[in-house]
Amino acid sequence: MVVPARGLPASVRIHEVGARDGLQNEKAVVPTEIKAEFIHRLADAGLTTIEATSFVHPKWVPQLADAERLFPMLDGIESVALPVLVPNERGLDRALALGARRIAVFASATESFAKANLNRTVDESLQMFAPVVARAKEQKVHVRGYLSMCFGDPWEGAVPVHQVVRVAKSLMDLGCDELSLGDTIGVATPAHVQSLLAALNEEGVPTSAIGVHFHDTYGQALANTLAALQHGVATVDASAGGLGGCPYAKSATGNLATEDLVWMLQGLGIDTGVDLGRLTATSVWLAEQLGRPSPSRTVRALSPDSHKE
């Protein structure tokens, strides 16, 4: 039953991260053909932004070592943005050589995670991204800036809002087109979300340039998403079937499931362009390929047999 609520966006763009963020933490290497079919199925379900892969060194994320082979297999997908993650100029070179038109860089709001994830300080990582963003913009390539540990860090605990704002503003000042705020270990709560969004606005970062990326460690991802929507955010990251984690933060559990997000947005009368039935079928199919049930509550509710081994 659709019951709209006042003050929410009329439509939301879902930034689907299942094929990259969702699969990167899988221990068993997923065949390239399965990844390609997964992305094609997501596109057929109506998702218009699907993060395809990452051009990191294979040593760091072996699951995504097939980026050069995978990306050309997506050529037939029409009217869908296929951003890719690049860590440095070498990654940018590889992505541009394959015709990528949307890239993302991945920064940290905390020193501990910057060291664990990038082996650099926060400021050193920003210096590394500066030429990447500059060159991408010269090529008229869209740049997204991911910012992780925006609400809490497994080593440092609670992360002060002003600390997050400083790094977020630095990313935007480099020339990023949009900013994704990551609750990497899933500790955010709704008022915290709105406080950070308000602080970013005060420093000149417009809500229209902000996306949110919540993990569901404490079951707060949908509540936090609704808080962001109430603030005017209209870009939400999610992972089909709730796949994902973070190889550098062991307390990071799965991403917000795309199906759970779509169910809530449909109930609120917010347009996503996504066919929930096709999306659910895609997640059931992928769960079969991975050999385990989907953690998404909506997938389980709509496909009662999907939880069986």
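The values are calculated or read from the model by the stated rules, or taken from the named source; none is laboratory data. The structure presented is a predicted model; accordingly, all values stated were derived computationally and were not measured. Backbone-built Cβ (ideal geometry, glycine too); neighbour counts: all protein chains shown. We work out accessible area using only protein heavy atoms, side chains counted, and drop any ligands, DNA or RNA first. Shrake-Rupley method; radii C 1.70, N 1.55, O 1.52, S 1.80 Å.
Details
- The listed residues are GLU26, GLU51, and the only one of them that is of a type in the set (Asp, Glu) and open to solvent by less than 10 Å² (accessible area, probe 1.4 Å) turns out to be GLU51.
- Selection status of VAL159, under 22 Å from GLU51 (Cβ atoms) and at pLDDT 95 or above: no
- Complete set of residues in segment 71-92 that are within 16 Å of SER180 (Cβ to Cβ), open to solvent by 10 Å² or more (accessible area, probe 1.4 Å) and out of contact with any helix residue (DSSP H, G or I) (no Cβ under 7 Å at 6 or more places or on another chain): ALA81, PRO87
Quick grid of which residues meet (1) modelled with pLDDT of 95 or more; (2) part of a helix (DSSP H, G or I); (3) in contact with a helix residue (DSSP H, G or I) (Cβ under 6 Å, 6 or more places away or on another chain):
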{"site": "ALA5", "(1), (2), (3)": "yes, no, no"}
{"site": "ALA19", "(1), (2), (3)": "yes, yes, yes"}
{"site": "GLN24", "(1), (2), (3)": "no, no, yes"}
{"site": "VAL56", "(1), (2), (3)": "no, no, no"}
{"site": "LYS59", "(1), (2), (3)": "no, no, no"}
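- Residue match in segment 5-20 (condition: over 18 Å from the mean Cα position of the chain (by Cα) and crowded, with 23+ Cβ neighbours inside 10 Å): no
- Single residue of segment 276-299 satisfying the filter (of a type outside the set (Gly, Ala, Ser) and out of contact with any helix residue (DSSP H, G or I) (no Cβ under 8 Å at 6 or more places or on another chain)) that is least open to solvent (accessible area, probe 1.4 Å): LEU290
- Taken over segment 115-157, the criterion of being touching a residue at least 24 places away in the same chain (Cβ under 8 Å), more than 30 Å from VAL80 (Cα to Cα) and over 21 Å from the mean Cα position of the chain (by Cα) is satisfied by TRP155, GLU156.
- Sole residue being at pLDDT 95 or above, crowded, with 22+ Cβ neighbours inside 10 Å and assigned to a loop (DSSP other than H, G, I, E, B), chosen from ALA107, ALA95, ALA100: ALA100
- Of the helices (runs of 4 or more DSSP H) contained entirely in segment 154-261, those carrying at least 2 residues that are closer than 30 Å to ALA45 by Cα and open to solvent by less than 10 Å² (accessible area, probe 1.4 Å) fall at 221-231.
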